[in-house]
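The structure appears below as structure tokens.
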Amino acid sequence: RSKRRGRGQITVYSQEIAQEMKRATHLEQALRNAIIANEVDVHFQPIVRLKDDMIVGFEALARWCDADLGYVSPAVFVPLAEERGFIDALSETLLRKAAEAALSWPKELFLSFNLSSAQLMDPKTSLTTLAILNRVGLDPRRLELEITETAVMTDAETAQKIIAELRGAGVRISLDDFGTGQSSLGRLRDFTFDKVKIDRAFVSRISDDRVSEHIIKAIVAMCDGLDLEVVAEGIEDFSEALKLKALGCGMGQGYFYGKPADAVTTMRFLSERYLRVEPEAAIA
Ligand code: C2E
Ligand code: MG
Ligand code: MG
Ligand code: MG
């Protein structure tokens, strides 16, 4: 009896796997087509200096809306492109679009772009990245690349080499989603970063959780000591912004200051209230 049930489970299980594989392959094909048809877009979210709420840069975030599938999150399609081996093609399109948009912004604003973990294991990444900037005409000193702890730890030697090459050309490196990865603080000593982005998980609990507040306090102190810049991600309301300012956090980002918006909206936003963000009137 148990045997039969076991066999039944295997059948159901393999059907689920088959269905999942079919779905992923459909998604893959749709994404490959979207890249070729130039339908994958990039949006921009402001990053502000908390001292005076001035915009200092924007983070580029990939956006894809398929005619049949609807909105697909980058948290789904970026890992898919990595697994199926075409993250290079995806990332190149995204960086080109983001860099082109950044060309029309005031020169003092930086562009922050997410590198996927697969790209940090590919020695070609530094060259292709710099080639795109060169082609578009964006100064490498205006680019920041966001990488995660986990990505850095997977193939530390290659990652270190890529980071060194990019930094040598003037690109800055920020450590994204800090506090959630699999690294130990000791291992991070082997890498040179310019900036740390405190994960939204800590920020979103800062108002009702003393532990999160102390963790942020400790990260800010560590960054001050190491001469690293620090950004708090996911600031959603005024009281979170106030708390982070009080903790001495240098920069912030989140829906409170502005949601990700397309290149045209971002330009309009910049020209209307150049540099100073007025959160009450921030773009929807
Ligand atoms: P991330 O790099 O940590 O980006 C921050 C995410 O938090 C974005 O989600 C952003 O829209 C969201 N966010 C910003 N402010 C707030 C807030 O106040 N509240 C809340 N609840 N969320 C906020 P998104 O755009 O869905 O991107 C998810 C992840 O996908 C990114 O996390 C990043 O890891 C990845 N990703 C996005 N675009 C790219 C890309 O061009 N290349 C690569 N390799 N990865 C990307
Ligand atoms: Mg990021
Ligand atoms: Mg992040
Ligand atoms: Mg995050």
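We did not get these values from a lab; they are worked out from the coordinates using the rules stated. All values derive from a computational prediction rather than experimental measurement. Neighbour counts run over all protein chains shown; Cβ positions are idealised from the backbone, glycine included.
Here are some notes:
- Tilt relative to the chain, helix 156-168 - C-alpha long axis, 0 to 90 degrees, to 10: 40 degrees
- Distances between placed amide hydrogens fall under 5 Å for Val230 paired with Val196, Gly250, Met251, all partners being 5 or more residues away or on another chain.
- Going by neighbour counts of Cβ atoms within 10 Å, the residues Lys97, Lys197, Lys259, Lys51 line up, fewest first, as Lys51, Lys259, Lys97, Lys197.
- Over the chain, the hull volume per residue, using the convex hull of the C-alpha atoms, is 172 Å³.
- Over 18 Å (Cα to Cα) - which of Lys197/Lys243; Lys97/Lys197; Lys107/Lys197 fall in this group: Lys97/Lys197; Lys107/Lys197
- Cα gyration tensor, region 65-135 - rounded (a/c under 1.5), prolate or oblate: oblate
- Rounded to 0.05, the FRET efficiency of the Phe86 and Ser14 pair, given R0 = 25 Å and the Cβ-Cβ distance, is 0.40.
- Exceeding the 20 Å Cα-Cα cut-off - candidates Lys124/Lys195; Lys51/Lys217; Lys51/Lys195: Lys124/Lys195
- Degrees between helix 87-102 axis and first principal axis of the chain (Cα, 0 to 90, nearest 10): 30 degrees
- Candidates Ser14, Ser239, Ser112: whichever shows maximal mean-square fluctuation once the chain is modelled as a Gaussian network with Cα springs under 10 Å: Ser14
- Of all the options Asp199, Asp53, Asp209, the one that moves most in a Gaussian network model of the chain with Cα springs shorter than 10 angstrom is Asp209.
- Net lengthening on full extension, Thr265/His26 (0.36 nm per residue, minus Cα-Cα): 82.9 nm
- Inter-site label distance for Arg141 and Thr180 at 7 Å from Cα along Cβ, in nm: 3.3 nm
- Stretch gain in nm, segment Thr150-Asp224, where the contour uses 0.36 nm per residue and the Cα spacing is subtracted: 24.3 nm
- Label zone at Lys107 (point 7 Å along Cα-to-Cβ), backbone N below 20 Å, region 116-141: 133-141
- Distant-in-sequence amide H partners of Thr148 (H built 1.01 Å from N, under 5 Å): Asp176
- Per-residue extension of 0.36 nm, minus the Cα-Cα distance of Asp190 and Ala164, leaves a gain of 8.2 nm for this segment.
- Computed from Cα atoms, the angle from the helix 125-136 axis to the main principal axis of the chain rounds to 60 degrees.
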